[in-house]
Amino acid sequence: METNDYKVRLEIFEGPLDLLLYLIKKDELDIQSVSIERITRQYLDYINTFKLLNIDLASEFIVMAANLMYLKSRTLLPRVDQPPEEDAEEDDPRWELIRQLIEYKKFKDAAGFLSLREIEQEGRFAHQPDPGDKAPEEPATLAEVSIFDLIRAFQNVLKRFEESHDFGDIIDDRFTVSDKIDLLMTSFAPGQTRRFEELFQSATTKAEVIVTFLALLELMKLNQFVVRQSELLGDIVIERRETPAAGTNEENNESSED
């Protein structure tokens, strides 16, 4: 199965600075103590995974990758002359990136605060439902559970699969993304949930793991499946919607034509 035959048309709203902040938060680091070598390696791992999945990336991601590699190369150069103490901060090749991250985080935090205030204001004069009415619970969507969390979970599954499988035997693997979409739709009852890792338990090849994940992304994009995450960096749970979202049939037809 040639996975490169299938290109994921997935809208990624986060940018390269979001990915860097995610990696810093994942390691529970302070922005100002970032290791360029470590964060460059992790960042490139994500870029390579996007390429493995044939997901289109904005050019900004590639520009940031080149910038990180440049900063890493600067940190490896020997210092002939030590700068004066007052200039040491400016001599640190990380500092411009750190400044960008700090400023970007301030804007993100401010935007999040304003969003919360907006929700609070909307609730002040909201219509009060009847006591017997129960407001429907809105599940988390792909936009709310970060694509970076999904990629991290996929990387963990792929790593465990490669460590536990012997690739000496050649297996004829003819699964397509369409095959896996059909399989996921038939194996999930409406409203049924499973842990992310369970989707790959029956996979016998690396290509099947990749195709299963691509099928999951496609079903999320079509609003057939939603993802939930109880806490930051926590386990991811997949749920099939009780009823198809509006417009799904049209999107399915467009996807089939592609």
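The values are calculated or read from the model by the stated rules, or taken from the named source; none is laboratory data. Everything numeric here is computed off the predicted structure, so don't read it as measured data. With ideal geometry, Cβ positions are generated from the backbone for all residues, glycine too; neighbour counts draw on all protein chains shown.
Miscellaneous remarks
- First in region 201-212 and assigned by TED's automatic domain parsing to the domain that holds Thr49, second anywhere and in a helix (DSSP H, G or I), Cβ under 9 Å, 6 or more apart: none
- Filter pass, Asn48 being at pLDDT below 85, within 30 Å of Ala215 (Cα to Cα) and either loosely packed, with under 10 Cβ neighbours inside 10 Å or within 24 Å of the chain's Cα centre (by Cα) (or both): no
- Long-range neighbours under 6 Å by Cβ, at least six apart or interchain, first residue under 20 Å from Phe154 (Cα atoms) within region 33-51, second part of a loop (DSSP other than H, G, I, E, B): Phe50/Leu57
- Restricting region 223-240 to residues that are surrounded by fewer than 20 Cβ atoms within 10 Å (Cβ to Cβ) and assigned to a loop (DSSP other than H, G, I, E, B), the residue that is nearest to the chain's Cα centre (by Cα) is Leu233.
- Filter result for the condition that a residue is small (Gly, Ala, Ser), over 23 Å from Asn54 (Cβ atoms) and at pLDDT 90 or above, over Ala245, Ala189: Ala189
- Residues of region 213-234 classified as touching a Ser or Thr at 6+ places or on another chain (Cβ under 8 Å) and among the basic types (Lys, Arg), total: 1
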